[in-house]
Structures are given as structure tokens and as C-alpha cells.
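Here's the structure, in C-alpha cells; my notes come after.
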Amino acid sequence: MAAVAEANLAYDLLLKEPQIPAALETVERHPNLRFVVDHIAKPRIAQHAMEPWAGLMQGFKAHRDHVWCKLSGMVTEADWRHWKSQDLRPYVDAVLSIFGPSRCLFGSDWPVCLVAADYQSVKRALDDCLSGLTEEERSQILGVSAIEAYRLPL
């Protein structure tokens, strides 16, 4: 982890509910390393289960300065054949309340998303979930946050 921080790289965390506490400990121990929580930590969307995922994710609020969350991988956690953007909205809203738009970024999860949806459907669903945000907040999520988290050249 120290080598990743020294190289000025970000470390992606691929988590499910049971790994969130360990991820929080890791994030706490490495305040100089940028982290990205992939796939919003894979909540059980198909079961409409908010807990314990939402409660565990609250721990990231204390680490907003060096942790981002990727709004991706949701359709593969939903009912592959019958999901709707409304099924994703509570999870997107929870992540936005924890990280804020400035620490969230879009990810398509392509090609894995293809088991449940094509790229256009994934993007359209996220657009629906972000419809209440300002244009600036949507721009942050759809590009600026990735540039910042991964220190991409402009």
C-alpha cells in the first residue's frame, strides 16, 4: 500500500458487505493513499436489501478526503431480467449522501454488465438516478471525479 501511495496511484477496493469493515480499517491506516470503492461495494439489489450494506458504508463518511466511490456494477447485483432504474436509485442516493457528488464517479462495468444490460441501458439508468442533481454535479460524477481520483491527464 505504501508503494502505491508513493507512486501516486489510486487503489481500487472490490468489496462485498463482509469486506467493508476491513476496507474501512485499511483506509484509516493509509490516509495518504487514494482509494476507489468499486461497484458501490456490491449491495444485494436483487433482494432490495439496504442493510447491513448502507450502515457499513456510512463508515466511509469520515474518509471523504481520500476515498471515492464508483457508481458501477449495480445492474449485475439487481434482477438481471427485470431491473429498473428505480431499483438502483436508493443505492445511488445512499452513496451520494455518504460520499457526495465530488467523490462519486461513473463506471460502466463493461463488459460484465452485459449479463444484465448493454452500456446504453446502464448509462441511461444512472442518468435517471442522477436526474435531481445539478449539471455541475452530474459532470463531476461523469468525468471530473475520475480525473481527480486517478490523476488522469487532461
Worksheet item: Solvent-accessible area per residue for the chain at a 1.4 Å probe radius, Å²?
Response: 51
Item to complete: Determine the relative contact order of the chain: mean sequence separation of Cα pairs under 8 Å and six or more apart, normalised by residue count, in whole percent.
Response: 22
Worksheet item: Roughly how many Å² of residue 37 are accessible to a 1.4 Å probe, to the nearest 10?
Response: 0
Discussion item. As a test of reading the structure, rank 110, 53 by solvent-accessible area (1.4 Å probe, protein chains only), most first.
Written reply: 110, 53
Fill in: Rg over Rh, two decimals, the range 73-154 (C-alpha only, Kirkwood Rh)
0.97
Item to complete: Can you grab the distance from the C-alpha centre of the range 117-154 to the C-alpha centre of the range 15-48, Å, no decimals?
Response: 20
Worksheet item: What's the FRET efficiency of residue 134 with residue 66 using the Cβ-Cβ distance as r and R₀ = 22 Å, to the nearest 0.05?
Response: 0.35
Item to complete: Take the solvent-accessible surface of the protein heavy atoms, probe 1.4 Å, and return the percent of it on the chain that carbon and sulfur atoms account for.
Response: 55
Worksheet item: If you build a Gaussian network model of the chain, linking Cα atoms that sit under 10 Å apart, which residue out of 43, 90, 52 swings the most?
Response: 52
Worksheet item: Any idea what the alpha-carbon Rg over 2.2 N^0.38 Å comes to for the range 18-154?
Response: 1.00
Practice prompt. Would you tell me the accessible area of residue 39, worked out with a 1.4 angstrom probe on the heavy atoms of the protein chains, in Å² to the nearest 10?
Written response: 30
Worksheet item: Roughly how many Å² of residue 119 are accessible to a 1.4 Å probe, to the nearest 10?
Response: 90
Discussion item. Let me check something: with ligands and nucleic acids excluded, how do 84, 42 order by accessible area (1.4 Å probe), largest to smallest?
Written reply: 84, 42
Worksheet item: What Kirkwood hydrodynamic radius do you get for the range 16-81 when you take the inverse of the mean 1/r over all pairs of distinct Cα atoms, in Å?
Response: 12.4
Worksheet item: When only Cα pairs under 8 Å and 6 or more residues apart are kept, what is the percent relative contact order across the range 15-90?
Response: 38
Practice prompt. Among the lysines, select those whose C-alpha is under 22 Å from the C-alpha of residue 84, and discard any that sit fewer than 8 residues away in the same chain.
Written response: 16, 42, 70, 123
Discussion item. Could you give the length gained by full extension between residue 25 and residue 2, i.e. 0.36 nm per residue of separation minus their alpha carbon distance, to one decimal place?
Written reply: 6.8 nm
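The values are calculated or read from the model by the stated rules, or taken from the named source; none is laboratory data. In this text the structure is predicted, and so the values were computed from the model without any measurement. Here the Cβ is made from the backbone with ideal geometry for all residues, glycine too, and neighbour counts use every protein chain on show. Areas reflect the complete protein model, heavy atoms only, side chains present, ligands, DNA and RNA absent. Shrake-Rupley method; radii C 1.70, N 1.55, O 1.52, S 1.80 Å.
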